[in-house]
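Before any comments, here is the structure.
Every number in this text was worked out from the coordinates using simple rules, so none of it is lab data. Keep in mind that what you see is a predicted model, and the values were worked out from it rather than measured. FYI the Cβ positions are ideal-geometry reconstructions off the backbone, even for glycines, and counts take in every protein chain you see.
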């Protein structure tokens with residue numbers, strides 16, 4: 001093994017880009033109508049003294065990472081404040097390493113302490129900021145460091161997850177499940193990634209909990225902006241073949257009827273696959289079992305189209321260690337909000353989960369390690385969206401193409417704020433428009449994440465913070 005490039009953070013610029021939705025997006029008990037996107041530019045120094053810039057971006061999706069009754073603005077301001085604390089901490093983090101080691105070390109040695117200190121200082125006597133929120137805040141910086149590291153290696157970043165670019169094999173980071181013959185010694189992420197990733201990915205469209213699916217659902221206040229509103233129109237315009245259905249998780253009749261309604265439209269419009277997202281509100285597996293059995297018995301074709309079930313149960317897996325084997329015996333069952341890292345994936349596997357929904361917003365480092373652990377243990381993968389616009393879409397779709405998912409990638413920013421990504425769409429039309437039910441990643445080219453930043457004509461606001 002030899003390390004081609006090791007990096008240390010030299011400076012950070014942090015930007016906030018507010019985005020308004022054209023249609024509301026329901027998350028659990030809340031509805032999203034706007035989002036603050038955090039973007040960073042991180043400058044790194046390599047072991048030979050050269051400097052490189054990397055870019056990262058993540059929506060601070062408050063309703064997803066921090067559900068509850070606290071005012072939205074209070075939760076958002078906490079996350080922004082924590083982003084700013086992270087920016088300062090990263091510049092003072094002296095480690096020089098490859099990006100995977102850097103991201104792992106920062107999470108292992110600094111992030112928990114910073115998160116605990118933040119909650120002690122700013123949330124005393126109040127609802128604490130969840131751990132998932134801290135990962136989302138870190139993710140944009142971690143993505144940027146991977147981007148800069150790829151540039152320092154003069155390679156696309158996914159070509160860097162190989163022995164010649166990494167100081168350690170996976171045994172440094174991962175421990176196999178007890179009782180297995182799996183051995184991570186001498187194994188690297190490249191052993192679990194797709195060597196020739198496809199440029200075409202099937203696109204999953206999100207059917208939100210308040211999305212209109214028939215004329216009767218229209219209120220008269222829908223946007224008239226040239227984009228579809230009704231589900232059938234989206235299917236026909238984008239040639240969609242895969243639909244993710246958001247359910248309530250606390251109203252079995254509504255959930256069952258929603259599956260039947262969307263399933264019927266899907267059959268009529270030649271959609272191929274469905275998935276059900278119960279929004280983490282279920283506490284008893286029997287709730288999901290009963291809906292699936294009812295669907296199997298009354299609508300077997302719709303049941304057959306259901307490719308997998310996503311995260312019906314509460315976020316915090318250690319606090320809610322529910323045995324879910326009854327659900328996964330019916331359909332593949334994927335961790336999403338609970339899959340903070342590979343250790344929780346391991347716990348999920350013990351409880352009966354069969355797959356993992358990866359997200360770049362839990363850090364690129366964490367996503368790569370979780371993907372390797374899951375694939376080594378025979379678990380299937382999906383890559384789920386955080387309604388990623390602008391730059392955030394590019395690492396998102398690359399994670400899907402390089403890790404190998406059960407079916408394509410979820411991608412829904414074009415539903416809720418398509419014009420937010422207009423400058424990026426000029427350079428990368430295939431990943432900001434869904435055509436024939438697919439995304440096309442062939443325009444992603446160059447070192448790092450292949451953003452092609454110099455060609456994207458986006459005017460950024462003044463940085464909210466500069467740390468040198």
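Alpha carbon centre of region 351-370 versus region 287-333: separation in Å? About 19 Å separates the Cα centre of region 351-370 from the one of region 287-333. The computed Rg and Dmax of the Cα atoms in Å for the structure shown corresponds, within [x] 21.3, 66; [y] 20.5, 59; [z] 22.7, 70, to [x].
Once the chain from residue 272 to residue 329 is taken as fully extended at 0.36 nm per residue, the excess over their C-alpha distance is 18.3 nm.
Would you mind checking the tilt of helix 72-91 against the longest principal axis of the Cα atoms of the chain, expressed as 0 to 90 degrees and rounded to 10? So the helix axis and the longest Cα principal axis differ by about 30 degrees. The distance between label points at residue 180 and residue 210 comes to 4.1 nm (points 7 Å beyond Cα on the Cα→Cβ vector). In this simple spin-label approximation, residue 297 and residue 250 carry label points 7 Å from Cα along the Cα→Cβ vector, and these lie 2.7 nm apart. Kirkwood's formula applied to the C-alpha pairs of region 7-177 gives a hydrodynamic radius of 17.2 angstrom. Most tightly packed first, judged by the mean number of other beta-carbon atoms within 10 Å of their residues, the peptides 438-446, 225-233 read 438-446, 225-233. The mean sequence separation of alpha-carbon pairs under 8 Å and at least six residues apart, normalised by the residue count of region 190-455, gives a relative contact order of 21 percent.
Label positions at residue 260 and residue 94, each projected 7 Å from the Cα along the C-beta direction, are separated by 6.7 nm.
Extension gain for residue 445 to residue 69 (0.36 nm times residue separation, less C-alpha to C-alpha distance): 131.0 nm. FRET efficiency for residue 459 and residue 171, Cβ-Cβ distance as r, R0 = 35 Å, nearest 0.05? Taking R0 as 35 Å, the efficiency between residue 459 and residue 171 is 0.15. The helix-based estimate of mean residue ellipticity at 222 nm for the chain, built from -39,500 (n - 2.57) per DSSP H run of four or more residues and divided by its residue count, is -10500 deg cm²/dmol to the nearest 500. The packing ranking, built from the mean of other Cβ atoms within 10 Å per residue, places the peptides 65-72, 453-460, 346-353 in the order 346-353, 65-72, 453-460, highest first.
Extension gain for residue 159 to residue 127 (0.36 nm times residue separation, less C-alpha to C-alpha distance): 7.3 nm. Relative to the longest principal axis of the Cα atoms of the chain, helix 364-376 runs at roughly 60 degrees.
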